[in-house]
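This report refers to the structure that appears directly beneath it.
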Amino acid sequence: MSHEPLIVLDAVNKWFGDLHVLREVSLTVDRGEVVVVIGPSGSGKSTLCRAINRLETINSGSIRFDGKELPAEGRALARLRSEVGMVFQSFNLFAHMSILENVMLGPVKVRKESKAVTRERALSLLDRVGIASQADKLPVQLSGGQQQRAAIARALAMQPKAMLFDEPTSALDPEMVGEVLDVMTSLAKEGMTMIVVTHEMGFARAAADRVAFMADGQLVEQAPPAEFFGNPRSERARDFLSKVLQH
Amino acid sequence: MDVFSDPANLQLYIDGFLMILKLTGASSLLALVLGLLLAACRVAPVPVLRAFGAGWVHLFRNTPLTLVILFCYFGLYSAVGVEFSEDIHVNNYWLAVVGLSAYTAAFVCEAIRSGINTVPLGQAEAARALGLTFTQNLRLIILPQAMRSVVAPLGSILIALTKNATIAGVIGVAEASNAMKGLIEARGDQTIAIFLVFALTFVALLVPVGYGFTALANRLMVRR
């Protein structure tokens, strides 16, 4: 790994009204690194993830992507977002478009790429995530696992510099979790820079370069997965792991 | 019923309803375009546009249409001097279209805005995350889904507009209700028959519109 920072959060604070959801969060993610963010519900993991492409604004601190401060709004922000792929818990495929149209939309409308070129890339991405045969169907006709894989293909079609996953398997039936995690694991192996908010400890162990543990809006500790799961330093992390790993 | 066996009376009846269709046709197109723009204003991230959209809706939705049409004649035309044509009939027609459109656009806007609220927030977020601008988001993601969910209410607005077109009569446009009034004044002995013919013609025109829009709404519904 090059140790060239791609995403840098510095002392980020965020309030929802009186609720302090991100407290002085500082996190650096290098190019090609896979950081898995875990922690109890309400710990600020999703907010952290969403702040990186400014779906949530922050109250203080700074977030830099690829050496540049996040733009506040307008075209510059749209351009930044086009370089950061995002996968949501609820898939959010465009309901009125076919799977193929979903995947082609970004490159065609944001990047102004030709339809022919985009179509080819979209089909090969759908093939890669294993749903090429579903290209012409509407999202509602696919299973949850298939929809989420389509959503990953849609994000990858923009050839992003990094991918953000906000609890990508939390809305899936258990038997479909594996197929989505497989796609994510292969992405990680190919060197995609990823921030993954998840409750899948197995994925964290297998695919993460680093685990970041959050609780009550704070980034409590970060360590390589073997170290984190084998020997968590903080009391908070030990407590959390004892609860999630028991079952 | 022999009132309609007189060719001149029959022509009055036919011309009256043709005028209703002409008023409705032009006004519905203008109201749809204007309503879409107003709805876009109402959800825009720019406060001035939101205030403009809200102001329009509050003003026109809460003013009687008769007043709006009378204003178009006495205000826009007589006082301000807005003139569409030298021909008084053509001019009055367009003044009525302006009034009907401005009034109906307020209702179209609110229908579309309620349609926008039926589109899950995640759709707009996913579009923003891809790098789509606000206008692209609205045009490609939000409105196509919102419009499909407001087909039925837009049908109701179109039906209301068709009936409201009779109010153009107050500034002398020769539409159906004026024709009816003329015929009743000429043939007081057949008032009920004349009234029924006009009323049932409206019903016959508009019942299919209602069914048509319901069928369209079912076919276009976005499945989630």
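The values are calculated or read from the model by the stated rules, or taken from the named source; none is laboratory data. From a predicted model like this one, the values you see are computed outputs, not experimental measurements. Don't worry about glycine lacking a Cβ; one is built from the backbone with ideal geometry, like all the others, and counts go over all protein chains shown. Keep in mind that these areas ignore ligands, DNA and RNA; they rest on the heavy atoms of the full protein, side chains included. Shrake-Rupley method; radii C 1.70, N 1.55, O 1.52, S 1.80 Å.
Here are a few things to note about the model shown:
- Residue ID - least open to solvent (accessible area, probe 1.4 Å), chosen from residues in segment B:74-89 that are of a type outside the set (Ser, Thr, Tyr) and under 22 Å from the mean Cα position of the chain (by Cα): B:Gly75
- Unique match (being open to solvent by less than 20 Å² (accessible area, probe 1.4 Å), in a helix (DSSP H, G or I) and modelled with pLDDT under 95) among A:Leu100, A:Leu77: A:Leu77
- Taking the listed residues B:Ser149, B:Ser177, the one that is within 14 Å of chain A (Cβ to nearest Cβ) and either in contact with an Asp or Glu (Cβ under 8 Å, 6 or more places away or on another chain) or among the small types (Gly, Ala, Ser) (or both) is B:Ser149, with no other qualifying.
- Some residue of segment A:154-175 being more than 21 Å from A:Asp127 (Cα to Cα), assigned to a helix (DSSP H, G or I) and modelled with pLDDT under 95: yes
- Residue that is nearest to the other protein chains (Cβ to nearest Cβ) [pool: residues in segment A:51-80 that are of a type in the set (Ser, Thr, Tyr) and out of contact with any Asp or Glu (no Cβ under 8 Å at 6 or more places or on another chain)]: A:Thr57
- Those residues of segment A:13-27 which are open to solvent by 60 Å² or more (accessible area, probe 1.4 Å) and of a type outside the set (Phe, Trp, Tyr), in sequence order: A:Gly17, A:Asp18, A:Leu19, A:Arg23, A:Glu24
- Selected residue (criterion: farthest from A:Ser43 (Cα to Cα)) from residues of segment A:192-235 that are open to solvent by less than 60 Å² (accessible area, probe 1.4 Å), small (Gly, Ala, Ser) and outside any strand (DSSP E or B): A:Ala207
- A:Arg50, sole failed condition from (1) outside any strand (DSSP E or B); (2) over 23 Å from A:Met201 (Cα atoms): (2)
- Considering the conditions (1) farther than 29 Å from A:Val108 by Cβ; (2) part of a loop (DSSP other than H, G, I, E, B); (3) open to solvent by 40 Å² or more (accessible area, probe 1.4 Å), A:Pro40 is excluded by exactly one of them, (3).
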